[in-house]
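Enquirer: What follows is a single structure, and I will ask about it in a moment.
Just so you know, all these numbers are worked out from the coordinates, no wet-lab data involved. These numbers were taken from a predicted model, which means no experiment stands behind them. Reconstructed Cβ throughout: ideal geometry from the backbone, glycine too, with neighbour counts over all protein chains shown.
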Amino acid sequence: MSLAKSLGLPSNLDKLHEWASLHNIYIATENFDLELWGYATKSDYDSYLVLINNRLCYEMQQKVLMHELVHILKHSPGSHPIYKDQYDIEKEADELAEKIIKEASG
């Protein structure tokens with residue numbers, strides 16, 4: 001089983017926006033300073049908003065999107081041990097995002 005499938009993501013990353021919409025995850029781009037690549041936030045209504053810096057190239061925007069989706073799927077409150085620090089969580093999200101994109105591109 002692919003890593004994407006094990007996380008519940010579509011194996012065809014071209015369908016990622018459609019999948020996200022079906023799971024109450026809304027994706028938008030914003031004109032941020034280059035220091036901020038993107039972030040995800042949860043609403044009071046159990047949906048998520050992922051904002052991605054539109055100054056990044058397309059490939060980097062895809063990596064940031066995948067990174068934020070990993071956070072939503074694996075690191076939302078209550079889904080990771082309390083002892084994990086932020087560095088470990090960010091590193092794990094980066095590594096999983098890279099692996100998923102690499103798997104999808106063959």
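Enquirer: Give me, ordered by chain and number, the residues 5 or more places off Ile25 or on other chains with an amide H under 5 Å from its own placed amide H.
Expert: Amide H neighbours of Ile25: Tyr48.
Enquirer: Under the rule of at least 5 residues apart or a separate chain, name every residue whose amide H is placed under 5 Å from the amide H of Leu7.
Expert: For Leu7, no residues qualify.
Enquirer: Also, I was wondering about something else. Work from the charge dipole of the range 3-104 (Cβ charges, +1 for Lys and Arg, -1 for Asp and Glu, about the Cα centre) and give the residue of Ser47, Pro10, Thr29 farthest towards its positive end.
Expert: Pro10
Enquirer: Report, in debye and to the nearest 20, how large the dipole of the range 3-104 comes out about its Cα centre when Lys and Arg carry +1 and Asp and Glu carry -1 on their Cβ.
Expert: Roughly 300 debye for the range 3-104.
Enquirer: Shifting gears a bit: Please give the calculated 222 nm ellipticity per residue for the chain, where each DSSP H segment of at least 4 residues contributes -39500 (n - 2.57) and the sum is spread over every residue; nearest 500 deg cm²/dmol?
Expert: Working: 4 runs with 47 residues, N = 106.
Counting only the DSSP helices, I get -13500 deg cm²/dmol.
Enquirer: I want the antiparallel fraction of DSSP beta bridges within the chain, as a percent rounded to 5. All intermediate terms of the calculation are to be shown ahead of the outcome.
Expert: Working: 5 of 11 bridges.
Around 45 percent of the beta bridges assigned by DSSP in the chain are antiparallel ones.
Enquirer: Of all the stretches in the chain, which is the longest one without any exposed loop site, taking chymotrypsin sites (Phe, Trp or Tyr not before Pro) in a DSSP loop (any state but H, G, I, E, B) with at most 12 other Cβ atoms within 10 Å? Could the numbers behind the result be given before it?
Expert: Working: sites that count: Tyr45, Tyr83.
For chymotrypsin sites (Phe, Trp or Tyr not before Pro) (loop position, at most 12 other Cβ atoms within 10 Å), the longest site-free span of the chain is 1-44.
Enquirer: For each of Thr41, Thr29, count neighbouring Cβ atoms within 10 Å of the residue's Cβ, then give the residues from fewest to most.
Expert: On the way: Thr41 11, Thr29 16.
If I rank by nearby Cβ atoms, fewest first, I get Thr41, Thr29.
Enquirer: Still on this structure, please answer the following. Whose amide H sits under 5 Å from the amide H of Asn53, counting only residues 5 or more places off or on another chain, with H placed in the peptide plane?
Expert: Excluding prolines and chain starts, which carry no amide H, the hits are Glu30, Gly38.
Enquirer: A further question on this structure: Expressed in nm to one decimal, what extension gain is obtained for the pair Ala28 and Lys91 from 0.36 nm per residue of sequence separation less their Cα-Cα distance? Don't skip to the answer; put the middle values down first.
Expert: Numbers: separation 63, 0.36 × 63 = 22.68 nm, distance 2.34 nm.
Here the answer is 20.3 nm.
Enquirer: Just want to confirm a number: the relative contact order over the chain, from Cα pairs under 8 angstrom separated by 6+ residues, in percent.
Expert: Numbers: 114 pairs, mean separation 26.2, N = 106.
That works out to 25 percent.
Enquirer: Just the number, please: Stokes-Einstein D of the chain in µm²/s, Kirkwood Rh from C-alpha pairs, 25 °C, 0.890 mPa s. Could you put the intermediate results ahead of the total?
Expert: Numbers: Rh = 14.2 Å.
Approximately 173 µm²/s, per Stokes-Einstein.
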